[in-house]
Structure formats: C-alpha cells, structure tokens
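Beneath this line is the structure, given in structure tokens, with notes to follow.
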C-alpha cells in the first residue's frame, strides 16, 4: 500500500509541475520579449496563394492526375500544426485544438481576418493573449502570416476556388512574362512606333521610345527591343488598339474598318509579335482574341478598294494557340473553329515564365474557373473539348 501511495504522490507532483510549466510558458513577461512586435508589418497581398491543405487536385485533372494537375504549396493546416498543434500543445493535451479544419474554424470569421480570434492571437502585442506563447521562441514569420491572412480574407474555405486562384495566377503570368522586354505594352507599342505604322495621329517623337537589350540564352546573341516609354501616349495607343480589336471581332461585317493591321513577317517584321500580359485585362484580351488571329505571317485579306493587305484573320475562333497550350506541355489543343489538333507546346512555362508544375496547375485552375473566359476557349463550341491530355487522350469538358 505504501508503494502505491508513493507512486500516486510522484504522479501528482509531476502533474503539478506540468501545469506550472504550462502556466509559466503562457505568462508573457520578461525583459527578453519587451521589444517584440508581433504586428503584421506588410500590407496584405491578395496575390499570395493561400489554401487550407498543402495539396489540391484541380478540377480539370486527368483521370490519372499528371504532373501539372496538383497545386502544392504550404497550407494553413501545416503552418498551424508546426506552430500550434504539436503533440505537446494544441494538437495534444492542451485545449483548444488546432488540428482539423473544424477545430480551426471555431476561431475564424470567414472573410474577416481582423475579426478572427486566430488572427488576433498570432498578431497581437498583448503578450498574455499571444499564440504561440512568446516565451516559446517560435514566432510565425511574415510569409506564414500572409498565407493565413489571405486564406481568411478569401473566405477561409476548406478547398480553394476562384478567389484563391485568380490573384495568384495573374501575378505568376505578369511577373514571369511581362517583365523586361517581353510581353508588355511598351514592347508592343514600341515596335509599332519604330516601324512607323502609328501614323501621325499620336504625334510620336524620338523621346517617346528607347532601346533596350537582352541576352538570348538559346542563341547567345544580344537582341534589341524598342520600348515605348511615354506612359500617357502608351495608355492611349494601347487602349485604342484593344478597343479596335474588340469592335472588329464584335461585328466583322459592319465594323470592317476596324480590322487589325498586324503581321509577324514582312513588311513590318517587328510589329508586336508578343501580346502584352501585364495585367488581368491584357491577359483576357490575349485569351479571347489570341495574338495569332490578330497577327499572321501571311496575308489574310486584301482590301479591294485600297489594296491594303491585312494579316489578321476574320474569325476570332480560328486559332491553334492559346495561353494554356503555351504553358502546359501535357495538353494538346484543337482549333475551336477547324477542329485541327496542334502539337504539345508548353514553351512559355520553360522559356518565358519558368513555371513549376504547381504554378502551371494553379494557372489552369484559374483559367477553367474564371467566368470571364468564355466556354469557347475552355471546351469548344459544343462542349466536346478543345484540350486533351497527350498521355491519356482525355478531353477536358464542362460538367
């Protein structure tokens, strides 16, 4: 009986020590933390992809998902598990629990970070409310706080949707493709100005443009682009161009005078072979009216009265190229107008943007979820599919 009593006494003593240690840990006092600032220092960035789980299979994945069918980024569950839901803390004996989606949502107000207890705990400078306990020396870094903030702001969903995909996808495209001398408005308009095809309407002078150079890794040659640097004129010229394209393809018969004068070849070889991808509206422009229907290497139409030669096609659906084909080498695209199959490409992800498989999957998830992209450019005219997986032959169709 004495041995049992001794065991009980030791157990009780250890329990008291554990409780005392926990209380000490959660008491936020001491000179070592008096200068700690836990406030989230940066403006919230909605372009940071934020999801609850680390991995998400996109809706358009192949029957056997391929390398570009999963979005894999650090998620909220993993962050909270590392900082809070460890086996000896809120994932173990200490309440509240922070292990599952249901556990965490008890402390989250969807869409309202500042009104969420979870956000308060990880950013407050009231050290008696701070989590993780500041004496644990395990503070969340700014990057992890950004993920949690954007996850809450976008609705704190268990699985991501358009609100999570779009800002991150647009940033990937614009950062990877529109920088320097590539897919940007300055390059497009600069080439027109250099070749003299803007006429006298915009009163172009030499100071409106400047030469920029880059190194072509594939050939070892130095290449030059003419950039339009007068921002006021640039906005007007590019805006007029987009309006003209939309007007013409909205009614190619009655608005024939708006037909686009562009070419990949002679007589104006540098006449904007690249379509700007610097913002959401420009990206939608490139998707809805692909550059290869706005430009061509051969004459598509000659005006019988003026004799002017046009290199633009008259049917905007007659395209064998698009954004998704240029980033995803696992897909084959069919021309929506003719049904002709194109070979796989994916060159943009490797040459221009340098995208990894998760980033390609993220852009695909946005593309097929965004209502501003017509079904024609997702599934074709009759929902029989214009994208199919090269490996399985499975078409992406609308369900």
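Every number in this text was worked out from the coordinates using simple rules, so none of it is lab data. Since the structure is predicted, the reported quantities are computational estimates derived from the model, not experimental observations. In this analysis, Cβ positions are derived from the backbone assuming ideal geometry, glycine residues included, and neighbour counts consider all displayed protein chains.
Counted by neighbouring Cβ atoms within 10 Å, the residues 294, 74 run from fewest to most as 74, 294. Across region 317-399, the volume of the C-alpha convex hull divided among the residues equals 94 Å³ per residue. Short-range pairs are left out: with C-alpha atoms under 8 Å and at least six residues apart, the relative contact order of region 337-399 is 19 percent.
How do 54, 69 rank when sorted from fewest to most other Cβ atoms within 10 Å of their own Cβ? Write down the numbers at each step before the final one.
Working: 54 15, 69 22.
Ascending number of Cβ neighbours within 10 Å: 54, 69.
Can you sort 381, 195, 153 from fewest to most other Cβ atoms within 10 Å of each residue's own Cβ? Walk me through the intermediate numbers first.
Values: 381 12, 195 16, 153 20.
So the ranking, lowest neighbour count to highest, is 381, 195, 153.
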